[in-house]
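Encoded as structure tokens, the structure appears first; notes follow it.
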Amino acid sequence: MLRNPDVELHRLAASALCNLISNNEPAKKEARKQDLVMFLCGLLKATKHKDVQYAAAGGIYNLVKPKDLETIEAFGVMPLLLSVPVSQNIGAKLRVTADNPLGMA
């Protein structure tokens, strides 16, 4: 899907995934098995379109756990996540603070 140049496809897919995993533990479990965090991080990094960024960031926010911090850091998308309103509190969800930048519990 990332290779498809259709921005609307990217937005719709990320929005659907974001909604699907919101407050749905069985869907979150399956999404984690399918490496959805990596997929959404890749989409977030690859696009310059704000609406796609918002949808991907929302999906990441709905899905992440503290153990995903390494993946997020590897993709270099933490600054984007912190700048998008839907995910700007992701640091707290990942247990990242000024004293604990790696989110270690």
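A compact table of results
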| read-out | value |
| --- | --- |
| Heavy-atom accessible surface of segment 8-96: percent carbon and sulfur, 1.4 Å | 54 |
| Packing-based order for 58-66, 78-86, using average beta carbon neighbours within 10 Å, highest first | 58-66, 78-86 |
| Structure-based [θ]222 nm, the chain - -39500 (n - 2.57) summed over DSSP H runs of at least 4, per residue, nearest 500 | -18000 deg cm²/dmol |
| Between segment 2-29 and segment 50-70, the alpha-carbon center distance in angstrom | 10 |
| Candidates per trypsin sites (Lys or Arg not before Pro) in segment 31-101, loop by DSSP, up to 12 other Cβ within 10 Å | 48 |
| Burial ranking of peptide ranges 17-24, 37-44 (average Cβ count within 10 Å, highest at the top) | 37-44, 17-24 |
| Mean separation of Cα contacts under 8 Å (6+ apart) over length of the chain, as relative contact order % | 25 |
| Solvent exposure of segment 8-96 as accessible area per residue, Å², 1.4 Å probe | 53 |
| Spatially proximal lysines relative to residue 33 (Cα-Cα < 23 Å; intrachain offsets below 8 disregarded) | 45, 65, 67, 93 |
| Segment 1-81 shape via C-alpha gyration tensor axes, a/c threshold 1.5 | oblate |
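The values are calculated or read from the model by the stated rules, or taken from the named source; none is laboratory data. Here the structure is a predicted model, which means the values were calculated and not measured. No Cβ is skipped: glycine too gets one built from the backbone with ideal geometry, and neighbour counts run over all protein chains shown. The area values use the complete protein model at the heavy-atom level, side chains included, leaving out ligands, DNA and RNA. Shrake-Rupley method; radii C 1.70, N 1.55, O 1.52, S 1.80 Å.
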